[in-house]
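Inspection log for the structure reproduced underneath, given as structure tokens.
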Amino acid sequence: MAAIGPNPAARAPGRRLGQLLDRPEWLGPLMIGPAVLFIFLVVGIPFLLALYYSVSDISMNKAPTAASPISSVRGSLAFRRAE
């Protein structure tokens, strides 16, 4: 005589996935994963870019800096009188 009750092989695939995700060894990494990814994107990537920019020959701005107009003004007579 056959056993009476639900056939374990006939379970819905979604229910099986839900049971798998409820296991502690899967649930912890699934919950902490997005937070770790967010922290890496917000903190890690700018930090790595700063390290890269500090050892490379890259310039963010090719235009003259604000110091060049000041140096030209220092030589003027009006600037010397104000000192």
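The values are calculated or read from the model by the stated rules, or taken from the named source; none is laboratory data. Predicted model only: the values in this text are computed from it and were never measured. We place every Cβ from the backbone using ideal geometry, glycine too, and count neighbours over all the protein chains shown.
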Helices (runs of 4 or more DSSP H) (entirely within the chain) containing at least 3 residues that are of a type outside the set (Val, Ile, Thr), modelled with pLDDT under 85 and at negative phi: 13-21, 24-39, 67-74, 77-82
Are there any pairs, at least 6 apart or on different chains, whose C-beta atoms fall under 8 Å, with the first in the range 33-55 and in contact (Cβ under 8 Å) with a residue 40 or more places away in the chain and of a type in the set (Gly, Ala, Ser) and the second surrounded by 10 or more Cβ atoms within 10 Å (Cβ to Cβ) and in a helix (DSSP H, G or I), and if so, which? none
